[in-house]
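Right, one structure below, let's go through it.
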Amino acid sequence: MDLVRSLAELEQNTDLHAARLLVLINEFAGSDGTGHVEGLTKLAKLDFLLRYPVMLTRALAAKGKPTESVQLQEFEQRSVESKMVRYRFGPWDHRYRLLLNTLIARGLATVTIEGRTLAIGITPRGTAIASSLACDGFIDVARRAKILHRDFDIKATHLMKFVYATFPELLSMRQNEVIDLEA
């Protein structure tokens, strides 16, 4: 199997994306598991920064924060799988609802409604699996999720405004166009 086909299959791997989201939700749930991510928009913007560490590096720099903790790898800077497509609502993967429902169906995540906002939390089983993932192949993801929790745990509206101010190219791109991820 050639490299392009392998990478395309990775991109379509729902479990891979669900695992990344689980690690992210777990970080925001906190050590007692009672915290949550406030809304799907916030989850999408946080995941944008988590999934594309080049963008996380740019976002930290825009906030005047050190970027060394991202530990950006050379392959992450220019790899095919790091290409991000602009969807209808900016950096938004059309599969978020599917991925979240997959986590809920597997008993790993919870969703409650607080006012008009979804509160996306984690179950004890989800915490156990996320913790296991964070010690295995998702070490970089877990470390970067901690950075997001530390530096980007702000209201969804503020995070959305920050993302569009920091990455204005997202607003001028045509739908389904690949976002340039140069560091």
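The values are calculated or read from the model by the stated rules, or taken from the named source; none is laboratory data. All values derive from a computational prediction rather than experimental measurement. Note: ideal-geometry Cβ built from the backbone for every residue, glycine included; neighbour counts use all protein chains shown.
For region 143-156, enumerate the residues that are touching a residue at least 60 places away in the same chain (Cβ under 8 Å), surrounded by fewer than 20 Cβ atoms within 10 Å (Cβ to Cβ) and not acidic (D, E). Give the derivation first.
If we filter region 143-156 for residues that are touching a residue at least 60 places away in the same chain (Cβ under 8 Å), which is where we start, we get 143-149, 151-153, 155-156.
With surrounded by fewer than 20 Cβ atoms within 10 Å (Cβ to Cβ) added as a condition, the list becomes 143, 146, 149, 151, 153, 155-156.
Passing the criteria: R143, K146, H149, K155, A156.
Look at region 47-67 and say how many of its residues are within 21 Å of N26 (Cα to Cα) and not charged (D, E, K, R). Let's see the steps before the verdict.
Pass one, region 47-67, residues within 21 Å of N26 (Cα to Cα): 47-53, 56.
Next, only the ones that are not charged (D, E, K, R) stay: 48-50, 52-53, 56.
Summing the residues that are within 21 Å of N26 (Cα to Cα) and not charged (D, E, K, R) in region 47-67 gives 6.
Within region 22-42, track down each residue that is of a type in the set (A, V, I, L, M, F, W, C), at pLDDT 95 or above and assigned to a helix (DSSP H, G or I).
At the first step, the residues of region 22-42 found to be of a type in the set (A, V, I, L, M, F, W, C) are 22-25, 28-29, 37, 40.
Filter once more, so that each one left must be at pLDDT 95 or above: 22-25, 28-29, 37.
Passing the criteria: L22, V23, L24, I25, F28, A29.
Of all residues in region 13-27, how many are polar (S, T, N, Q), more than 13 Å from S132 (Cα to Cα) and in contact (Cβ under 8 Å) with a residue 40 or more places away in the chain? Spell out how you get there, then give the answer.
Step one: of region 13-27, the residues polar (S, T, N, Q) are 13-14, 26.
Still in the list and also more than 13 Å from S132 (Cα to Cα): 13-14.
Still in the list and also in contact (Cβ under 8 Å) with a residue 40 or more places away in the chain: 14.
Of the residues in that region, 1 qualify.
Could you check, for region 169-180, whether at least one of its residues is out of contact with any Leu (no Cβ under 7 Å at 6 or more places or on another chain), among the hydrophobic types (A, V, I, L, M, F, W, C) and either within 17 Å of L24 (Cβ to Cβ) or modelled with pLDDT of 90 or more (or both)?
Checked against the condition, which is being out of contact with any Leu (no Cβ under 7 Å at 6 or more places or on another chain), among the hydrophobic types (A, V, I, L, M, F, W, C) and either within 17 Å of L24 (Cβ to Cβ) or modelled with pLDDT of 90 or more (or both), region 169-180 yields no hits at all.
Does I113 satisfy being closer than 15 Å to N26 by Cα and not in a helix (DSSP H, G or I)? Before you say what the answer is, go through the steps one by one.
Working: closer than 15 Å to N26 by Cα: no; not in a helix (DSSP H, G or I): yes.
It is false that I113 is closer than 15 Å to N26 by Cα and not in a helix (DSSP H, G or I).
Tally the residues that are under 18 Å from N26 (Cα atoms), at pLDDT below 90 and basic (K, R), restricting the search to region 80-110.
1
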